[in-house]
1. Roughly how many nanometres apart are two label points built 7 Å out from the Cα toward the Cβ at Ser147 and Ser38?
2. Starting from the Cα-Cα distance between Leu113 and Glu22, subtract it from 0.36 nm times their residue separation and give me the gain in nm to one decimal.
3. Note down the net charge around Gly42, summing +1 for each Lys or Arg and -1 for each Asp or Glu among other residues with Cβ under 13 Å from its Cβ.
Amino acid sequence: MRLLLSLFITCLALPAAAAEGERLQVKGEIIDTWCYYSGVMGGPDAVVGSAHHTCALWCSAGGIPVGMLAEDGTVYMILKMAGDDNANGGDTSLKLAAHTVEVDGMHYARDGLNYLVVSEVISDLDIQNTTHEDYGNIPPFSIPEPSE
């Protein structure tokens with residue numbers, strides 16, 4: 001009985017332990033979190049910018065969470081993107097893949113991870129990080145073969 005009472009009291013305390021959000025405006029590149037964190041396509045420099053744009057589109061369309069790589073190197077997992085009914089995907093995320101944007105939203109931090117709920121895309125500067133000269137296309141098979 002004491003165990004049940006202890007569990008009940010612990011469960012009542014959980015909402016109080018929820019992370020408090022902080023309003024934040026941040027500028028950075030919308031990234032594909034799978035390739036960025038896994039290293040499957042190369043190091044962090046290879047999976048950003050124009051070289052990785054096509055793969056970022058595929059991952060976002062396939063349901064991989066999008067993120068934002070801020071100018072200071074902080075990575076935010078985007079939980080919700082303004083203008084999308086979906087949690088973090090949809091047309092808006094596809095339009096912004098590999099773009100440098102400035103956003104306004106709520107920042108939450110928990111267990112060493114940063115989360116962002118974007119309420120407004122303030123500016124869209126398009127793809128600023130041109131990396132084709134250094135990396136070609138990542139993945140290389142993302143360029144269709146010319147039809148004969």
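1. For Ser147 paired with Ser38, the spin-label model returns 3.1 nm.
2. Working: separation 91, 0.36 × 91 = 32.76 nm, distance 1.42 nm.
Between Leu113 and Glu22, full extension yields an extra 31.3 nm.
3. On the way: positive: none; negative: Asp32, Asp45, Asp134.
For residues surrounding Gly42, the net value is -3.
All of the numbers you see were taken from the coordinates with simple rules; none came from a lab. Values in this document were obtained by computation on a predicted structure and should not be read as measured data. So basically every Cβ, Gly included, is an ideal-geometry build from the backbone, and we count neighbours across all protein chains shown.
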